[in-house]
Amino acid sequence: MPTAVPAQVSPPVDPVIREAQNGIAVWHPVAIRDGRLLVIELEPVPGCPDPKIQWGARTFSTFAAGVRRHSLLPVSLGATPGDKTFAVVCGRRKTTFSVKVFTGDYPESKLSVDPRFTSRPPKRTVEESANIRKALASGPAGREWTATFVRPTAGIFTSTFGVNRTFNGKVSSRHRGLDFDGKVGDPIVAVNDGVVVLAAKDYYFTGSAVFLAHGDELYTMYFHMSRLDVATGDKVKRGQVIGLVGASGRVTGPHLHFGFKLAGTYLDPEDLMDYGQVPLLPTDR
């Protein structure tokens, strides 16, 4: 029977359970909100040094985390609630477990903005969007990072992930990142080791922006910068300054919009910064 374990810290960390079947033991959250990073932790499996995780229609790698192994899985914003299965694959052996996904109670924000922010965007956005899609489909196959993730800038949060936004009462969207308050010229750093897959200059929506690939389809994004200190193709280190806070692009004031995407899915960046910093899973190693 699964053994319930209380959360080690306050939310967004969820209670986790240990489940064991067919010689496979995993730790995972009891339930998880849509838009979250799902961390699966596996205990050592004799004869299976490199297990894989099947989640939805995709297969994800695992990597060493102390004496256990971790896998990072995306739970998409707006995912249908209910029990979802994941499978641990060791050679021909497949063992299935489940986690409950629920719809998060995301806040709503009603904004009155200058009409130019809700007007039809210029034609150049077609090419800019294509460049971003291409960048987010490139990058190294293997994991570039080993250390924990750091904050990209020192400002406080001004808008969290998943907020339902209504502009002038008619244009709605979901906020797929985390906004940090800041002054023009405040430094922005890479949250972890990676490769610059796009250093965009003065794009219509994002302004000057940096897109970093951290390997295994994990990307971070930094929007509305006043200065870029890196170029496409550069390798960067965790904590390296990559640019400065600004108000470029479609914004109403200076701030950093920080985004996190895993396997094509935007997720809550707070989870990425928390990963490894707090005991998401039990530490009785």
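Among all positions in the range 223-237, there is at least one residue which is in contact (Cβ under 8 Å) with a residue 24 or more places away in the chain, among the β-branched types (Val, Ile, Thr), part of a strand (DSSP E or B) and farther than 22 Å from THR62 by Cβ. Annotation: VAL245 fulfils all but one of (1) surrounded by fewer than 24 Cβ atoms within 10 Å (Cβ to Cβ); (2) touching a Leu at 6+ places or on another chain (Cβ under 6 Å); the unmet one is (1). Across the range 61-79, the number of residues qualifying as in contact with a Pro (Cβ under 9 Å, 6 or more places away or on another chain) and within 29 Å of TYR106 (Cα to Cα) comes to 1.
Specify the residue that is farthest from TYR266 (Cα to Cα); the eligible residues are those in the range 66-85 that are outside any loop (DSSP other than H, G, I, E, B) and more than 19 Å from the chain's Cα centre (by Cα).
We begin by selecting, within the range 66-85, every residue outside any loop (DSSP other than H, G, I, E, B); these are 68-74, 82-85.
Add one more test, that the residue is more than 19 Å from the chain's Cα centre (by Cα), and what stays is 68-69, 82-85.
Values: ARG68: 27, ARG69: 23, GLY82: 20, ASP83: 21, LYS84: 19, THR85: 20 Å.
Across the range 66-85, the extreme among qualifying residues is ARG68.
On the given criteria, is VAL88 modelled with pLDDT of 95 or more, under 24 Å from GLY177 (Cβ atoms) and either assigned to a strand (DSSP E or B) or touching a strand residue (DSSP E or B) at 6+ places or on another chain (Cβ under 7 Å) (or both)?
Details: modelled with pLDDT of 95 or more: yes; under 24 Å from GLY177 (Cβ atoms): no; either assigned to a strand (DSSP E or B) or touching a strand residue (DSSP E or B) at 6+ places or on another chain (Cβ under 7 Å) (or both): yes.
Taking the combined requirement at face value, the residue does not satisfy it.
The residue pairs whose first member lies in the range 113-131 and is at pLDDT 60 or above, whose second member is of a type in the set (A, V, I, L, M) and not in a loop (DSSP other than H, G, I, E, B), and whose beta carbons are closer than 8 Å, counting only pairs six or more residues apart or on different chains, are GLU128/ALA200; ASN131/LEU198; ASN131/ALA200. Of the set (1) in contact (Cβ under 8 Å) with a residue 60 or more places away in the chain; (2) under 15 Å from GLY139 (Cα atoms); (3) small (Gly, Ala, Ser), all apply to GLY259 but (2).
Looking at the range 44-62, which of the residues that are closer than 25 Å to PRO15 by Cα and at pLDDT below 95 is surrounded by the most Cβ atoms within 10 Å (Cβ to Cβ)? Result: VAL45.
For the range 76-104: of the residues being out of contact with any Asp or Glu (no Cβ under 7 Å at 6 or more places or on another chain) and among the hydroxyl-bearing types (Ser, Thr, Tyr), which is surrounded by the most Cβ atoms within 10 Å (Cβ to Cβ)? Walk me through it before giving the result.
Pass one, the range 76-104, residues out of contact with any Asp or Glu (no Cβ under 7 Å at 6 or more places or on another chain): 80-96, 99, 102.
Narrowing further to those that are among the hydroxyl-bearing types (Ser, Thr, Tyr): 80, 85, 95-96.
Numbers: THR80: 9, THR85: 11, THR95: 19, THR96: 13.
By that ranking, first place goes to THR95.
Taken over the range 41-64, residues that are closer than 23 Å to TRP145 by Cβ and within 19 Å of the chain's Cα centre (by Cα) amount to 9.
Inclusion of GLY215 among residues that are surrounded by fewer than 22 Cβ atoms within 10 Å (Cβ to Cβ), touching a residue at least 60 places away in the same chain (Cβ under 8 Å) and of a type outside the set (Val, Ile, Thr) is warranted.
The values are calculated or read from the model by the stated rules, or taken from the named source; none is laboratory data. Keep in mind it's a predicted model, so treat the numbers as computed, not measured. Virtual Cβ from ideal backbone geometry, glycine too; neighbours counted across all protein chains shown.
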